[in-house]
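Down below is the structure, laid out as structure tokens.
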Amino acid sequence: MRKGKFITVEGCEGVGKSTQIALLKEMFAGSGDVLFLREPGGTAISERIRSVILDIQNKGMSAVCEVLLYSAARAQLVEEVIKPALAEGKTVFCDRFTDSTFAYQGCARGLGAEAVERLNEIACAGLEPDLTIFFDLDPVAAFLRKGGADGEDRLEQEGMDFHRRVYAGYKLAAERYARRIVCVPAGGDIADVHERVVKALKERGVI
Ligand code: TMP
């Protein structure tokens, strides 16, 4: 039985997602009832899958192989960590989740919304976020803000067109899942963006 709230955090590279998550962690510090996770990752198996996905040596990975690996990492995380935590009444924040797959693999890689939705359903086994915070910032501005590609992982090495398609995918997801996704403008002051996040959490009864 599910009791806790499940919140996912989404956005293109460089939107300031990590900074905002760090502020949320500070805000909830000391509360044992709040869990912060990231995707792909969060379990020993999912972290191993992550390293395969992001390895720059795996340049030849097909789009289908990629989406199945993200889904496999998610299935493990949902079953091993997220569902049990929610059942105990914990609040769970996850840095990226199904909308990343929708935007990156469904739209940017061109696998299509329906195929990704089917895979997401299988991986999540009925679990859906109560709230998704989408940090909305023009992808070119975001990418430049973080200093361009630093070559740390395979996805970051994609060109600007790829990141534009990711952004278009997120905008489509925000329309398609309007009930769940809140668009938070990610430009401007870090503190102002944090305020917007806190407001969204209050409005959805998370805090
Ligand atoms: P991170 O840089 O936020 O840790 O995420 C790792 C990369 O994986 C990032 O480039 C986004 C990408 N990604 C997908 O392409 N599909 C997914 O389903 C997820 C969760 C992440």
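Values in this text are rule-based calculations from the coordinates and carry no lab data. It should be emphasised that the depicted structure is a prediction, and the values quoted were computed from it without experimental measurement. Note: ideal-geometry Cβ built from the backbone for every residue, glycine included; neighbour counts use all protein chains shown.
Some observations on this one:
- Fewest-first ranking of ASP138, ASP161, using other Cβ atoms within 10 Å as the exposure measure: ASP161, ASP138
- Contour excess over end-to-end distance, with Cα ends at ALA63 and GLU47 and 0.36 nm allotted per residue: 3.8 nm
- Here region 5-192 is treated with +1 on each Lys and Arg Cβ and -1 on each Asp and Glu Cβ, and its dipole about the Cα centre works out to around 200 debye.
- Length added when fully stretched, GLU203-ASP33, from 0.36 nm per residue minus Cα-Cα: 59.2 nm
- Residue of ALA103, ALA141, ALA73 that the Gaussian network model of the chain assigns the largest fluctuation, springs spanning Cα pairs under 10 Å: ALA141
- With the charge dipole of region 5-192 set up from +1 on Lys and Arg Cβ and -1 on Asp and Glu Cβ about the Cα centre, the Cα lying farthest toward the positive end among the listed residues CYS107, ILE7, MET27 is that of CYS107.
- With a simple spin-label model that places each label point 7 Å from the Cα along the Cα-to-Cβ direction, the separation between ASP138 and GLU80 comes to 4.2 nm.
- Globularity index of the chain is 0.97 (Cα radius of gyration / 2.2 N^0.38 Å, N = number of residues).
- Residues SER46, SER62, sorted so that the one with the fewest Cβ neighbours within 10 Å comes first: SER62, SER46
- Relative packing of peptides 169-175, 85-91 - highest average C-beta neighbours within 10 Å first: 169-175, 85-91
- When CYS65, CYS12 are arranged by Cβ crowding within 10 Å, least crowded first, meaning fewest neighbours, the order is CYS65, CYS12.
- Averaging the sequence gap over all C-alpha pairs within less than 8 Å and six or more residues apart, then dividing by the number of residues, gives region 48-145 a relative contact order of 29 percent.
- Sites ILE122 and ARG2 - FRET efficiency at Förster radius 25 Å, r taken between beta-carbons, to 0.05: 0.85
- In a fully extended conformation the segment linking ASP55 and ALA178 would gain 40.9 nm over its present Cα-Cα distance, using 0.36 nm per residue.
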